[in-house]
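Working notes, structure below.
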Amino acid sequence: WIVKEKGIYDILSGSKILLKRHPNFNIQLVGPIYCNKKNLMLLIKEFGLQEVVTVTGPIYSREALRDKYLAADIFLFPSHCEGFPMALLEAISCGLPCVGSNAGGISDILDEGRCGQVIKCHSPAGISDALSFFIENVDIRLAVAKSSRERAELSYSNTISIDSYRKLLNLE
C-alpha cells in the first residue's frame, strides 16, 4: 500500500537525501494508493524527485508483479507497523536484498540482517544510508540477494509452511 503508515513519506525524504550522493537511482512506488495522490505528487516535485521516483500504483497481475520484483535491485519496506508482510516474503523469494524497518516481523523475515538491512522506523537517513550501502557495495548486495533467496526456500516454501502449520495444529 502507498500510505503514510508504510513509510511512504520516509521513502521520499530518504530519496531526497540519497539524491545528493547518488543522482542516478530509481524508486518505483508500487501498490494501491491510499493517501492523497495529489499531495504525494506535489511532495515528489517539491523534493526534486520527479526524475527518480515513479508512482506505479497497483499491479493486479501476479506475473506482472513478479516481473517488477525480478527487475529490481533492492526492495524497500520501511513500514511503521507490521505483522508478517507478504510483500517482503515475495521480495526475498525473488532474491532481492531488502531494506526494512524494525517493525513487527520484518527483522525476523530479514533474518536479523542476513537478507538485507534492518533500519529504525521513521528513519529517512536510515533508508538513505542503507540504499547507499547497497548501491556502493555490489558484491555485498549480490551476496545478500543470494541469502534472501536461500532464506525463502529454506524457511518459507509451501512445504515448509504447511509442515509448520501441521505441527502447530498437531496434525502429524
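The values are calculated or read from the model by the stated rules, or taken from the named source; none is laboratory data. Source: prediction; values computed, not measured. Using ideal geometry, Cβ is built from the backbone for each residue, glycine included, and neighbour counts are taken over all protein chains shown. Note: areas computed on protein heavy atoms with side chains; ligands, DNA, RNA excluded. Shrake-Rupley method; radii C 1.70, N 1.55, O 1.52, S 1.80 Å.
Segment SER161..ILE140, full-extension length gain: 4.7 nm, with 0.36 nm per residue of separation and the alpha-carbon distance subtracted. Compute the acute angle (0 to 90°) between the alpha-carbon long axis of helix 8-21 and the principal axis of greatest extent of the alpha-carbon atoms of the chain; round to the nearest 10°. Computed tilt is about 60 degrees. Put a plus charge on the Cβ of each Lys and Arg, a minus charge on the Cβ of each Asp and Glu, and nothing anywhere else: the dipole of region 33-134 about its Cα centre is then about 340 debye.
Using Cα pairs closer than 8 Å and at least 6 residues apart in sequence, work out the relative contact order for the chain, in percent.
Values: 260 pairs, mean separation 38.5, N = 172.
Contact order relative to length: 22 percent.
Seen through its C-alpha gyration tensor, with square-root eigenvalues sorted a ≥ b ≥ c, region 25-86 comes out prolate because a/c lies at 1.5 or above while a/b is bigger than b/c. Ignoring ligands, DNA and RNA, what percent of the 1.4 Å accessible area of region 1-46 is carbon and sulfur? On region 1-46, the fraction of accessible area on carbon and sulfur atoms equals 54 percent. Helix 37-46 and the longest principal axis of the Cα set of the chain meet at an angle near 60°. Our analysis of the chain gives Rg over Rh at 0.99, with the two radii drawn from alpha carbon positions and Rh computed by the Kirkwood formula. Extension gain, ASP108 to LEU171: 0.36 nm times the residue separation minus the Cα-Cα distance gives 20.1 nm. Between PHE84 and ARG66, the simple spin-label model (points 7 angstrom out along Cα→Cβ) gives 2.3 nm. The C-alpha atoms of the chain define a longest principal axis, and helix 62-71 lies at about 70 degrees to it.
Give the percent of DSSP beta bridges with both residues in the chain that are antiparallel, rounded to the nearest 5.
On the way: 0 of 12 bridges.
Close to 0 percent.
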